[in-house]
Amino acid sequence: MGKITMTVRADSHPEYGNIACFRLMLNGGFCIVNWGDGTTTTHHAEGEEQHIRHTYPEECIETGKTFVITISSDEDNIVGISIGNQFAYMNVTDIDISKCQSLRYFASLFTSTTHFDLRTNPGITKVNLQGDVSGIANLSNSLELKELSINFCFACSDSEQLFELDLSKCSKLEKLKCTAIIEPINVKLPKYFPLKVFVYDDSVDFCISKRKFKKIVNIVEQNNGRIIKSKRGKCK
């Protein structure tokens, strides 16, 4: 059994501000989405990923009304969710994944999410974070994490605290991508981990200490892996 709960509110976009959408991965079976406005939809597993959309009443843009979306299934078949993209103008302000232990993939892409807790789901193996949401991600309990991608284009807060990326318990991490980092980060690495792919850009020069960068490179080389320097992309 699995359940994901999201709190969403309309953005101020005059044309698309009443649309909520996300991508969902199901491993067989089906799930039910309660959109919080009295409507529900049923979605069956068709391939690896489904693009699910819902349109709310137009007036929710002006009123800034909040909706609680619930994704539920009687099976442990909800294995991935991706929220937010350039075509979604419904802001996900909070997401609770603690009651969906079957989840293996989590992505939050350029949303205004103010709260989510990855510590409740140590079984997640792949995480993709873009934008200021990276600054509130806590990976300190991501015991099964194998792939991590962070594209950190926005300042996480007004706080003077150093952005911390705690990977100390990610002893199974194989792929790491850190690009467009605009402020220094304190990276805590595991003592031993099987890192085979490291992707970075020019921002690494001022965001990760030379000592930590050298350690990452040495580990990849020891594992006969690949070190890839990408072109620094523009912030969206």
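The values are calculated or read from the model by the stated rules, or taken from the named source; none is laboratory data. Small disclaimer: the values here were computed from a predicted structure and weren't measured. Here the Cβ positions follow ideal geometry from the backbone for every residue, glycine too, while neighbour counts run over all protein chains shown.
Points worth noting:
- Taken over the stretch 22-70, the criterion of being of a type outside the set (D, E, K, R), surrounded by 18 or more Cβ atoms within 10 Å (Cβ to Cβ), in contact (Cβ under 8 Å) with a residue 40 or more places away in the chain and not in a helix (DSSP H, G or I) is satisfied by 22, 24, 25, 26, 31, 56, 67, 69.
- Residues that are assigned to a loop (DSSP other than H, G, I, E, B) and either touching a residue at least 60 places away in the same chain (Cβ under 8 Å) or among the aliphatic types (A, V, I, L, M) (or both), drawn from the stretch 181-227: 181, 182, 189, 195, 208
- Any chance residue 180 is surrounded by 20 or more Cβ atoms within 10 Å (Cβ to Cβ) and on the phi > 0 side of the Ramachandran plot: yes
- Residue 218 being surrounded by fewer than 18 Cβ atoms within 10 Å (Cβ to Cβ) and farther than 28 Å from residue 79 by Cα: yes
- Every condition in (1) under 19 Å from residue 92 (Cβ atoms); (2) modelled with pLDDT under 90 holds for residue 23 except the one numbered (2).
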